[in-house]
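One structure is given below, encoded as structure tokens.
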Amino acid sequence: MAESTKRYAVVTGSNKGIGFETVRQLASKGITVVLTARDEKRGLEAVEKLKESGLSGQVVFHQLDVADPASIASLAQFIKTHIGKLDILVNNAGIGGVTVDADGFKAASESRAEGGQIDWKKLITESYELTEECLQINYYGAKRTAEALIPLLQLSDSPRIVSVSSSMGKLKNIPSDRVKGVLSTDVENLSEETVDEVLTEFLNDFKENLLESKGWPSMKPGYTVSKAAMNAYTRILAKKYPRFRVNSVCPGYVKTDINFNTGVLPVEEGAASVVNLALLPSDGPTGQFFVRSEVQSI
């Protein structure tokens, strides 16, 4: 069972990138971290890498596919049985929801750095299946993971939930005033049901080829809408659990696999923004959207 003074964290999708670095930074502060990954082999290799850097007692692995409710339940049972409580949940697992021409993307990024104009649409392929998967992982996966682990977080003296979001999820990127209105609604009237309704409508409109006429984003719509939904859900959770500190954060344009390492920030800086929110004091902000260390409007 958990020692009352020790702190325990889960980071989803943490075998590489921002997730891996978040695990490293939390573990180096003395927190015991459950590193999770869909692929068991990659997850165990990531844990070994951290052990070699001197964090052998601080990191354990558990397989987690946030799109699979049985996998989430298995993680929750593991924590309940072997640890007994949870202090920090970092919802980091996420996908772009599109297929990308990697070589073209890298070349375009170099061109943009030199002031060139880029037609991103030519580099990205979207489909209904990819978009649905994006919502299932980025939004519903994070939501189901939070729901499964909240009973264990309630046993903590300082429960924290941090969801890795994106500036792409800001409501200014959704043309529809009606959708903006629903997702920005006063938290007293915002509900999980209304967010679900927005996502169902979005998928229906995608299937019917009505995205543009209905005012949905034209650029990476699945990713954009999934992150906007996550920011709304963050506010819902913060209201529902006033003792928790629940926030979402855009870590900036970080060099990771999702952008073929074309980002401008090192992964250490991106993860630091996440870790700062995971370690907020009890009187810290909650229900907020951050871009790196600054609170921003949704």
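The values are calculated or read from the model by the stated rules, or taken from the named source; none is laboratory data. Predicted model, so just to flag it, every value in this text is computed and none were measured. Virtual Cβ from ideal backbone geometry, glycine too; neighbours counted across all protein chains shown.
A few notes on this one:
- The listed residues are LYS41, LYS51, LYS6, LYS106, and the only one of them that is within 23 Å of the chain's Cα centre (by Cα), surrounded by fewer than 23 Cβ atoms within 10 Å (Cβ to Cβ) and of a type in the set (D, E, K, R) turns out to be LYS41.
- Residues of region 198-219 classified as under 21 Å from the mean Cα position of the chain (by Cα) and loosely packed, with under 13 Cβ neighbours inside 10 Å, total: 1
- Helices (runs of 4 or more DSSP H) wholly inside region 1-107 that include at least 1 residues being on the phi < 0 side of the Ramachandran plot and in contact (Cβ under 8 Å) with a residue 60 or more places away in the chain: 17-28, 69-82
- The listed residue being among the polar types (S, T, N, Q) and touching a residue at least 40 places away in the same chain (Cβ under 8 Å), out of SER127, SER176, SER213: SER176
- Restricting attention to region 282-291 and to residues that are surrounded by fewer than 18 Cβ atoms within 10 Å (Cβ to Cβ) and touching a residue at least 12 places away in the same chain (Cβ under 8 Å), the residue that is nearest to PRO159 (Cα to Cα) turns out to be SER282.
- Qualifying residue in region 143-154 (condition: surrounded by 18 or more Cβ atoms within 10 Å (Cβ to Cβ) and among the β-branched types (Val, Ile, Thr)): yes
- Selection of region 260-280 for residues being closer than 23 Å to THR99 by Cβ, touching a strand residue (DSSP E or B) at 6+ places or on another chain (Cβ under 9 Å) and free of Cβ contacts under 8 Å to residues at least 60 places away in the same chain yields only GLY263.
- Residue check, THR234 surrounded by 14 or more Cβ atoms within 10 Å (Cβ to Cβ) and farther than 30 Å from VAL100 by Cα: no
- Scanning region 117-132 for any residue that is outside any helix (DSSP H, G or I), surrounded by 14 or more Cβ atoms within 10 Å (Cβ to Cβ) and more than 23 Å from the chain's Cα centre (by Cα) turns up at least one such residue.
- Residues that are under 28 Å from PHE20 (Cα atoms) and not β-branched (Val, Ile, Thr) number at least 3 in the following helices (runs of 4 or more DSSP H) confined to region 181-298: 221-240, 267-278.
- Any hit, region 224-234, residues being farther than 19 Å from VAL10 by Cα and at pLDDT below 95: no
- Just so you know, in region 255-298 the residues that are more than 17 Å from ARG235 (Cα to Cα) and of a type in the set (Asp, Glu) include one that is modelled with the lowest pLDDT, and it is ASP257.
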